[in-house]
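**Student:** Below is a structure I'd like to ask you about.
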Amino acid sequence: MEADALIRHARSAAGLTQAELARRLGTSQPAIVKLERPGANPTVRTLDRVLRATGHHLELAAPIWSSGVDESLIRKQLALPPAERLRDLERHSAQMRQLMIAGARSRGELP
């Protein structure tokens, strides 16, 4: 969730108007409008302050990121000599052509 939506949601869940939240923070209502505007990019410190004023708290997590790509397969391919990689690519390309033709035939697009 983006910061602007998070602030709006927390304020709404707390039953606060923008003016009430501004009073709690010792700031102005236009400052709250800016924080709730799409694309707002408050600092973590400001976001934490605003959320605390709504009765919420900010939790940050840094889970280990995974690209979703099996990098072992990439390493395996890169370990092959270039000529072998090209042969594999040509073989896969030929198999894909056969699948495309079979699909076209099953749809009645080819005799």
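The values are calculated or read from the model by the stated rules, or taken from the named source; none is laboratory data. Everything numeric here is computed off the predicted structure, so don't read it as measured data. Positions of Cβ are backbone-derived with ideal geometry, glycine not excepted, and every protein chain shown enters the neighbour counts.
**Student:** Given the criterion assigned to a loop (DSSP other than H, G, I, E, B) and under 19 Å from A61 (Cβ atoms), identify the matching residue among P38, P42. Step through it out loud before you land on a result.
**Tutor:** Details: P38 fails: under 19 Å from A61 (Cβ atoms).
Exactly one residue qualifies, and that residue is P42.
**Student:** Ok, one more. Is at least one residue of region 35-54 out of contact with any Gly (no Cβ under 9 Å at 6 or more places or on another chain), hydrophobic (A, V, I, L, M, F, W, C), more than 30 Å from R23 (Cβ to Cβ) and exposed (fewer than 11 other Cβ atoms within 10 Å of the Cβ)?
**Tutor:** No, region 35-54 contains no residue that is out of contact with any Gly (no Cβ under 9 Å at 6 or more places or on another chain), hydrophobic (A, V, I, L, M, F, W, C), more than 30 Å from R23 (Cβ to Cβ) and exposed (fewer than 11 other Cβ atoms within 10 Å of the Cβ).
**Student:** Collect the residues in region 55-111 that are in a loop (DSSP other than H, G, I, E, B) and over 32 Å from the mean Cα position of the chain (by Cα), keeping them in residue-number order. I'd like the intermediate steps shown before the answer.
**Tutor:** Initially, region 55-111 is screened for residues in a loop (DSSP other than H, G, I, E, B), giving 55-70, 80-81, 107-111.
If the condition is that a residue be in a loop (DSSP other than H, G, I, E, B) and over 32 Å from the mean Cα position of the chain (by Cα), then L80, P81, R107, G108, E109, L110, P111 are the ones that fit.
**Student:** If you don't mind, another one. Is there any pair with a first residue in region 9-28 that is free of Cβ contacts under 8 Å to residues at least 24 places away in the same chain and in the same structural domain as T46 (by TED's automatic domain parsing) and a second that is small (G, A, S) and assigned to a helix (DSSP H, G or I) whose Cβ atoms are under 7 Å apart and which are 6 or more apart or on different chains, and what are they?
**Tutor:** Within 7 Å, the pairs are A22/A31; S28/A22.
**Student:** Which of the residues belonging to region 36-89 are β-branched (V, I, T), at pLDDT below 95 and closer than 30 Å to I7 by Cβ?
**Tutor:** Just the residues of region 36-89 that are β-branched (V, I, T), to begin with: 43-44, 46, 50, 54, 64, 69, 74.
Narrowing the set further to residues that are at pLDDT below 95 leaves 64, 69, 74.
Within region 36-89, I64 is the sole residue that qualifies.
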